[in-house]
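Take a look at the structure below.
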Amino acid sequence: MTRQILLDPLLGWPLIWAVAALAVVITALALWRGLAGWWLRGLAGAALLAALLNPSLQTEDREALSDIVLLAVDRSASQTLGTREDQTTGAAEALAARIEARPNTELRRIEIGDGAGDAGTQAMTALAEALAQEPLARVAGMILVSDGHVHDLAAAPALPAPLHLIETGESSDWDRRLMVENAPAFAILGEPVTLSLMIEDSGASPAGAATAPLEISVDGAAPLRYEITIGRRFEVPIVLEHGGRNVLHFRVPAAEGELTDRNNEAVIQINGVRDRLRVLLVSGEPHPGERTWRNLLKSDSSVDLVHFTILRPPEKQDGVPVDELSLIAFPTRELFLDKIDDFDLIIFDRYQRRGILPAIYLDNVSAYVENGGAVLVAAGPDFASADSLYRSPLARILPGAPTARVIEAPFLPRISETGQRHPVTEGLSRADPPQWGRWFRHVEVVSEAGDVVMTGAEDRPLLILNRVGEGRVALLASDHAWLWNRGFEGGGPQLELLRRLSHWMMKEPELEEEALWAEATGQQMRIIRRSLGDDVGVATVTSPSGEEIEIPLEEVGPGRFEALYDGPQIGLYRITEGAHEAVIGLGPAAPREFEATIATGAILQPLIDSASGGVRRVEDGVPALRDVRPGRPAAGRGWIGLTPREAYVTADVTQHPLFPAWAMLLLASGFIIAAWLREGRR
């Protein structure tokens, strides 16, 4: 219970001061004139002022409120390293017991986990949210049990009381990590791209360790091992070998005694793009489809096209002197011997043997394919003739043999059952029959190798794809594809078909018919397996911690099998299915929690100093708790301080007038009459 005097003036303060001044002047004047009742006049003025001030006695019945102490416990991933988890649990339990044992004190415990995504430790955000739920006038202190690595320092709230850090970790801790800088998202195939890497040791690292091994793997292949100087930035030139996504995996093997190897890896995904696609188009004769092939290829700015059309075959004899012809001689030796390896794709469009290309040149084209090149044969009636390319050294790589029959009748090109699963033709048409235009010529061929992905007249093979050695071959058994480009009967997807066909022949990973890959969205991955078969095996996912999980794949479309998997950890996952293997990173390979692993109080020190708190290490013992006055240093050797707030809530308030106005006016009148009587007797 507390008491205090309150004033509730009957007049405004300016008038009160004016009345007080007048009373003082009257009293002083009476004293100066030597009047005997001057002091009675002063008492009358004081009584009048007391009446005007209207004082009262307020009595409050107060109930004391307990102090609140916030204990924030960091349970993020970095707190699982070494002995920190046990240290954290032990220190938190000891502090909680001491806080609860204090009189008039309440404990608020906050558990802090990993932030969403790769946000790291959001300790300040958690502290701000906790303070927002408590009356600040009751908060006596805040204690954070952590390794000191917080990643939201900018979100630190205004601190109403001392903040202390109880730092986990050992003074003997050390760690090694791999850092990769300036990794591009795209790179041109065949051109080197330079990555900057550095291996860094921190903490109490062992003396004498000058180098460390570095393993580099591309697309899950066997790693190459190098010895790298520790603490020195070095550059690694990388040349991408294929288009599409290239996964580069850098790894430093774990060293004995280091805190963790979670920051010893880096996964870089670089999309390989071709600078230019060099295509050689050889047309055997002018025909309506020739310009269509040319226009389609020229419309793509990434294609360098070399196009030759045989306008004057050697057997043509019309008596015109050669030096008067405005024709360019066909540079056969230069194209098919000297520079054949410069081309990514060779297209023979209605070409037949006329003695222009000797057999040795065509044999060189076969060798070009077997060594990794690509050939597309767009066949016309010439392919069924005696001068067919099939009757040349090129036959050993062609996937189909002509029967010498040419079907001259309208037919609707269709996607075969295999074609529904093959990435070149999959999804070109979902309707049956397809909603596109008809063709009118089909060269009958017998499939000898590869996959028939499209059929034509009489359900005969129309488009056959095959792998030969390191290269690829496609045979289109019709020269009427140009009708689609002209929009005949609504046209058809010729441009898309040619794009996919050329990219498949260039071995783009996204068009491989037997492939395994994964796509990440946050912490969830979509595992995708493409196959020409009717069924695939179970996918095995290996997590960053080494745990293996088997996941069945379900067919979601022709030749496409998928499964969703939520990765419990941030890091590198390896996926295998049969002989196929893929790697994918969920979040960075080295999460933010593991970028810096050595415990430190330096990050929070400025904030702690501003609140007069302190940093104490768990390995030195859990500090004792003391009461300190606000503004005083709240940490010392072996102890940390809390500031009792002495907060209260008022249960009841009563007021009683000290001097009733009427009584004070009556008293003032009495003093005035007494002064008059005393001065009158003189």
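The values are calculated or read from the model by the stated rules, or taken from the named source; none is laboratory data. Please read these numbers as outputs of a predicted model, since none were measured by experiment. We place every Cβ from the backbone using ideal geometry, glycine too, and count neighbours over all the protein chains shown.
A few notes on this one:
- Whichever residue in the range 436-461 is of a type in the set (A, V, I, L, M, F, W, C) and assigned to a loop (DSSP other than H, G, I, E, B) and, among such residues, is nearest to Arg350 (Cα to Cα): Phe440
- Only one of Leu107, Leu131 that is part of a strand (DSSP E or B), assigned by TED's automatic domain parsing to the domain that holds Arg632 and either in contact with a helix residue (DSSP H, G or I) (Cβ under 9 Å, 6 or more places away or on another chain) or surrounded by 15 or more Cβ atoms within 10 Å (Cβ to Cβ) (or both): Leu107
- Taking the range 165-196 as the range and being charged (D, E, K, R) and in a loop (DSSP other than H, G, I, E, B) as the test, the residues that pass are Glu170, Asp173, Glu191.
- Test: residue in the range 91-102 that is within 30 Å of Glu167 (Cα to Cα) and not in a helix (DSSP H, G or I): yes
- The strands (runs of 3 or more DSSP E) located wholly in the range 199-291 that include 2 or more residues which are touching a strand residue (DSSP E or B) at 6+ places or on another chain (Cβ under 8 Å) and in contact (Cβ under 8 Å) with a residue 40 or more places away in the chain occupy 211-218, 234-239, 244-251, 265-273, 277-283.
- Residue in the range 506-524 that is among the hydroxyl-bearing types (Ser, Thr, Tyr), outside the structural domain of Pro413 (by TED's automatic domain parsing) and crowded, with 16+ Cβ neighbours inside 10 Å present: no
- Of all residues in the range 360-380, none are more than 14 Å from Ser478 (Cβ to Cβ), under 55 Å from the mean Cα position of the chain (by Cα), crowded, with 23+ Cβ neighbours inside 10 Å and among the aromatic types (Phe, Trp, Tyr).
- Of all the listed residues (Leu43, Leu7, Leu29, Leu57), the sole one being touching a residue at least 60 places away in the same chain (Cβ under 8 Å) and touching a helix residue (DSSP H, G or I) at 6+ places or on another chain (Cβ under 9 Å) is Leu43.
- Screening Gly578 on (1) under 30 Å from the mean Cα position of the chain (by Cα); (2) in the same structural domain as Arg102 (by TED's automatic domain parsing) shows it passes everything except condition (2).
- Test: Val139 is in contact with a Ser or Thr (Cβ under 8 Å, 6 or more places away or on another chain) and among the hydrophobic types (A, V, I, L, M, F, W, C): no
- A single entry from Leu40, Leu70 fulfils the requirement of being surrounded by 15 or more Cβ atoms within 10 Å (Cβ to Cβ) and within 22 Å of Ile99 (Cβ to Cβ): Leu70.
- Identity of the residue in the range 562-621, among the polar types (S, T, N, Q) and at pLDDT 85 or above, that ends up surrounded by the most Cβ atoms within 10 Å (Cβ to Cβ): Thr597
- Any hit, the range 426-447, residues being crowded, with 21+ Cβ neighbours inside 10 Å and closer than 26 Å to Asp341 by Cα: no
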